[in-house]
Amino acid sequence: QVQLVESGGGLVQAGGSLRLSCAASGSIFSINAMGWYRQAPGKQRELVAAITSGGSTNYVDSVKGRFTISRDNTKNTVYLQMNSLKHEDTAVYYCNVKALRIPTYLEYTYWGQGTQVTVSS
């Protein structure tokens with residue numbers, strides 16, 4: 001099995017910063033893409049940022065220049081640094097990991113439990 005543990009959410013004022021972390025553990029051979037999604041009340045889940053195993057990144061337009069995704073392959077961990085937070089960033093944030101699992105070496109997609117980010121205006 002593979003487990004994802006998220007941390008770092010909370011309440012922050014507009015203009016503030018938060019850093020989310022997501023650590024993967026378990027029967028992992030290697031990790032391919034890692035990413036962060038978010039879901040606000042009444043809205044569909046959307047991709048916020050993603051990073052490949054080679055370090056290439058992409059972001060949804062609304063967070064470009066404010067959020068930075070990174071990963072530490074030695075720790076199987078992905079981070080999301082969120083700066084200049086806005087009220088509209090309020091959502092539950094989920095990490096997403098595509099990993100090759102032992103012993104099948106097939107790629108599976110895993111989700112974190114979600115962490116609430118609330119930005120007060």
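The values are calculated or read from the model by the stated rules, or taken from the named source; none is laboratory data. The structure presented is a predicted model; accordingly, all values stated were derived computationally and were not measured. No Cβ is skipped: glycine too gets one built from the backbone with ideal geometry, and neighbour counts run over all protein chains shown. Ligands, DNA and RNA are stripped out before the accessible areas are found, and what is left, the full protein with its side chains, is counted by its heavy atoms. Shrake-Rupley method; radii C 1.70, N 1.55, O 1.52, S 1.80 Å.
General observations
- Close amide-amide hydrogen proximity is noted between V2 and S27, each under 5 Å apart and 5 or more residues distant or on a separate chain (H modeled in the peptide plane; Pro and chain starts excluded).
- Phi-based couplings in Hz for the range 13-23 (Karplus 6.51, -1.76, 1.60; Gly and Pro marked x): 7, 4, x, x, 9, 9, 10, 9, 10, 9, 10
- Calculated on the Cα set of the range 71-121, radius of gyration then Dmax: 14.7, 48 Å.
- Reach of K86 by Cα under 24 Å, taken over lysines that are not fewer than 8 positions away in the same chain: K43, K64
- For the chain, modelled as a GNM whose springs connect Cα atoms under 10 angstrom apart, the maximal fluctuation among K86, K64, K43 occurs at K43.
- For the chain, built as a Gaussian network whose Cα springs stay under 10 Å, the top-fluctuating residue of Y94, Y108, Y59: Y108
- Euclidean distance of C-alpha centroids, the range 1-34 and the range 75-111, integer Å: 6
- Inverse of mean 1/r across different Cα pairs in the chain, Kirkwood, Å: 14.4
- Counting protein heavy atoms only, the chain has 50 percent of its accessible area on carbon and sulfur, 1.4 angstrom probe.
- The magnitude of the dipole of the chain, with charges of +1 and -1 set on the Cβ of Lys/Arg and Asp/Glu and taken from the Cα centre, is near 40 debye.
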